[in-house]
Amino acid sequence: MTNIDHWSSSIDLDYRYTAGVAGETFLRKIAKGRIMASRCSYCRLTYLPPRLYCEKCLRKIDTWVQVRGKGELYSYTMTGRGKKKSLYGLVKFAGIEGGLVGRIVGSDLADLKFGMPVRVDLKNSEKGLLVYLHV
Ligand SMILES: [Zn+2]
């Protein structure tokens, strides 16, 4: 008997993604190289990805702040097999709820540690926006 541990295939899907008001602003800004978060002016919580309504007080959020500087590697994982392995991580920023997911480049799995500083690099390509994390 042969054990099958995976197979390759594809499914054609036709769909339209709607990002919503906060998501559209976030995507338009990030495509220009700026990471924007939304901040509740009542309870001072800052959200990334941005929210239109505060999850704590439920008030509408209309303040945007640019996320600057390095974040920290909160979590990471490896995908793929053989030579097609890739590393992905979740980076969080001080004082901000949530975070940003991107591909970790220039490092091996053994180099990664939770909480290590991460620099985010945004690149536009034919495939869309790519988020690279440099540790
Ligand atoms: Zn609030």
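For region 30-51: of the residues being charged (D, E, K, R) and modelled with pLDDT of 90 or more, which is nearest to Trp64 (Cα to Cα)? Don't jump to the end; show me each part of the working.
In the first step, residues of region 30-51 are kept if they are charged (D, E, K, R); the result is 32, 34, 39, 44, 51.
Within this subset, residues satisfying the condition of being modelled with pLDDT of 90 or more are 34, 39, 44, 51.
Working: Arg34: 11, Arg39: 6, Arg44: 12, Arg51: 10 Å.
Within region 30-51, the match that is nearest to Trp64 (Cα to Cα) is Arg39.
Are any of the residues in region 19-34 part of a helix (DSSP H, G or I) and within 16 Å of the ligand (Cβ to nearest atom)? If you could, list the steps in order and put the result at the bottom.
In the first step, residues of region 19-34 are kept if they are part of a helix (DSSP H, G or I); the result is 20-31.
Next cut, within 16 Å of the ligand (Cβ to nearest atom) only: 22.
Yes, region 19-34 contains at least one residue that is part of a helix (DSSP H, G or I) and within 16 Å of the ligand (Cβ to nearest atom).
Exactly one of (1) in the same structural domain as Phe114 (by TED's automatic domain parsing); (2) in contact (Cβ under 8 Å) with a residue 60 or more places away in the chain; (3) not in a strand (DSSP E or B) is unmet by Leu73. Its number?
Status for Leu73: all satisfied but (3).
Quick check, is Met78 more than 16 Å from the ligand (Cβ to nearest atom), among the hydrophobic types (A, V, I, L, M, F, W, C) and assigned by TED's automatic domain parsing to the domain that holds Gly102? Spell out how you get there, then give the answer.
Numbers: more than 16 Å from the ligand (Cβ to nearest atom): yes; among the hydrophobic types (A, V, I, L, M, F, W, C): yes; assigned by TED's automatic domain parsing to the domain that holds Gly102: yes.
Here the answer is yes, as Met78 does meet what is asked.
Which of the residues that make up region 86-135 are within 17 Å of Pro49 (Cα to Cα) and not in a strand (DSSP E or B)?
Those that are within 17 Å of Pro49 (Cα to Cα) and not in a strand (DSSP E or B): Phe93, Ala94, Gly95, Ile96, Gly99.
What are the residue pairs meeting all of these: first residue in region 56-70, first residue over 13 Å from Ser38 (Cα atoms), second residue assigned to a loop (DSSP other than H, G, I, E, B) and within 11 Å of the ligand (Cβ to nearest atom), Cβ atoms under 8 Å, and 6 or more apart or on different chains?
Partner pairs satisfying both residue conditions: Lys56/Cys40; Lys56/Cys43; Lys56/Leu45; Cys57/Cys40; Cys57/Tyr42; Cys57/Cys43.
The values are calculated or read from the model by the stated rules, or taken from the named source; none is laboratory data. Just so we're clear, the structure is a prediction, and the values are computed from it rather than from any experiment. No Cβ is skipped: glycine too gets one built from the backbone with ideal geometry, and neighbour counts run over all protein chains shown.
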